[in-house]
Amino acid sequence: MDSHITRIVVVGGTAVGWTAAARLASAFRATVSIAVLETPDLPGAGGNSQVAVIEPEFQRELFDRLGVPEEEWMRTCRASFKAAVRYVNWRTEGPAEILPRTLENGSPDYFYDPCSGIPECEDSLLLDHWRRRRANGESTENFDYACFREPPLMDARKSPRWLDGRRAFPYGWHVDIRLFTEYLRNTATGRFGVRTLRGTPRTAERDERGMLTALHTAEGHRVPGDLFLDCTGPEGLVLAGILREPYLDAPDRPRCDRAVTVTVPYDRTAYDVDPFTTAAALPSGWTWKMPLVDGFEAGHAYPGDRIGPDEAARTLCALWGLRPEHTPVRHTAPRTGHSRRAWVKNCVALGPAADARDSLAGGPLSGVLKALDRLVRDFPALQDRDGPAARFNRAVTTGSARARDFAQLLHHTSPRADTPYWTARRTAPLSPELADCLAAHSAALTPERHELRYAGVLAALAPGGRTFRASLAHRQDAREVADAHFVRIKRQQHILLETLPTAGQYLSRLHVRPTAQHTDRTARTARY
């Protein structure tokens, strides 16, 4: 009897589902048959967002494996760059505004969290030396502008690539999620022979060990398989619906459980495209902006028990100068939480079916490639299909908890306390891991690897006083190397400001030749 898995069924023709199908097809080629069960009318699986964030690793870990040049899929998906997140008005109280207010020191209230990691210097982080310089009165410069090249380039709306295609610094993308999903679908089916089926799973056949052997759809089809991937969003039609695995909502703490979004077109010849995501704090919730090449999506996440949908829509429209009575908006109730177990028997949930994250901590595609890499690396044998489950489930649970901690960190460390929303968010209980991280920050301890994502937020919202790593007082050699690094960053900032085109200039050149897929506007609507 063959001991290898030869049939994979991906349930849900979503962005997550087609990412999984394409990644697995590129890894296993003709040795595994992959079919995608495209499930129609998934309610709430991806909310109403039409723009998604694609993280930098997608090119290396997915598209390079598929043999797809970046320019090709960017052109098809109306993609723009996302080199950072710009956080606006998280340190000042006031009404709903998209423009930065002024801090007490006279600088505007915004800071950047670039895609590039915090630079290392000798055996420490440049962050440690920034804290030393501030504590000793050697510098008053903000962390992001001192330690990264990107902030002044973001201010100038610079492209992360030169016009000849060379990369200047790391970046991700904003994409039209419908076109992105369709592009992956065409690539997986056209290049790798992934099959498509259509139907809604209702019941399943199981063997004596409880393993799924086939799904039965509402339309009367039987879909056999050895391994099933549930990519149907928080509904989890297979994991929760058929296997009855509980879905655990996020802890009962104040949060934004409603959202309203709007799409705003613009003429890219007259408007320079932001090469970053914007996240601005509001009196009740926060708002975001994610640009594409010819428009942007804006949204307002808010607590449904404090404001209603009409008020939220009016607030969002006022931020962007839109007339509510003439502006089509989209309302949703995003769910945050995770499945108790993402891998049960021979069913593996990916994306929001496993872990639906707060939008502040990442979109529905966050963590999907890491999960797929783990699945490929620890791919099970036919006779031990749930062998990797325990380790996989721990990784999903840990990632979900850290995503929640990141969203809470932004609220807890913000000095805002001008509304009941902010008071409640700031005083909400902390997880033990986040409390330990904050204590370590106060003591100027070097962040653990998983805490590096928090470091930029802490440096901006809770920069600390005269505390820095004590060992640096004994390391004159490290201090000299770090000081030279700070000078080098300033020099690189000036050079890049002079030589890089704006994001709008680069994208205008990139998008002048639409591909056949880009012009096919009859593609069906995609879902997460």
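Please treat every number below as a calculation from the coordinates, not as lab data. Because the structure is a prediction, the values reported are computed rather than measured. Neighbour counts are summed over all protein chains in view; Cβ atoms, including those assigned to glycine, are modelled from backbone coordinates with ideal geometry.
Things worth noting here:
- Karplus-based coupling profile of the stretch 65-74, in residue order and whole Hz: 5, 7, x, 10, x, 4, 4, 5, 6, 4, with θ = phi - 60° in 6.51 cos²θ - 1.76 cosθ + 1.60 and x standing for Gly or Pro.
- Relative contact order of the chain, defined on C-alpha pairs under 8 angstrom at six or more residues apart (%): 25 percent
- Fewest-first ranking of ARG449, ARG132, using other Cβ atoms within 10 Å as the exposure measure: ARG449, ARG132
- About its Cα centre, the dipole of the chain is roughly 420 debye, where the only charges are +1 on Lys and Arg Cβ and -1 on Asp and Glu Cβ.
- Viscosity 1.002 mPa s, temperature 20 °C, Stokes-Einstein D of the stretch 296-359 from Kirkwood C-alpha radius, µm²/s: 150 µm²/s
- Sequence-separation-based contact order of the stretch 2-112, relative, with Cα cut under 8 Å and 6+ spacing, percent: 19 percent
- Ranked list, fewest to most other Cβ atoms within 10 Å of each Cβ, for TRP173, TRP320, TRP343: TRP320, TRP173, TRP343
- Cross-link pairs LYS289/LYS345; LYS289/LYS490; LYS82/LYS345 - those with Cα-Cα distance over 32 Å: LYS289/LYS345; LYS82/LYS345
- Per-selection metrics, the stretch 292-427 (Cα): Rg and Dmax in Å: 19.3, 60
- Nearby aspartates and glutamates by direct alpha-carbon distance to LYS158 (threshold 13 angstrom, same-chain neighbours under 8 apart not counted): GLU150, ASP272, ASP274, GLU498
- Here the sum of -39500 (n - 2.57) over DSSP H runs of 4 or more residues, divided by the residues of the chain, equals -10000 deg cm²/dmol at 222 nm, to the nearest 500.
- Charge dipole of the chain about the Cα centre (unit charges at C-beta), most positive-ward option of ALA301, LEU360, GLN59: GLN59
- For THR315, neighbours were defined as the other residues whose beta-carbon sits under 13 Å from its Cβ, and their charges (Lys and Arg +1, Asp and Glu -1) total 0.
- Potential extension, THR398-TRP320 segment - 0.36 nm per residue separation minus Cα distance: 24.4 nm
- Based on Cα atoms of the chain, Rg over Rh with Rh as the Kirkwood radius reads 0.97.
- Alpha-carbon centroid distance for the pair the stretch 267-340 / the stretch 212-231, whole angstrom: 37 Å
- Per residue, the convex hull volume that the Cα atoms of the stretch 154-196 enclose (Å³): 117 Å³
- Kirkwood hydrodynamic radius of the stretch 374-438, Cα pairs, Å: 14.4 Å
- Exposure proxy ranking, count of Cβ atoms within 10 Å, fewest first, for TYR454, TYR183: TYR454, TYR183
- Placing unit charges on the Cβ atoms only, positive for Lys and Arg and negative for Asp and Glu, gives the stretch 390-437 a dipole magnitude near 160 debye about its Cα centre.
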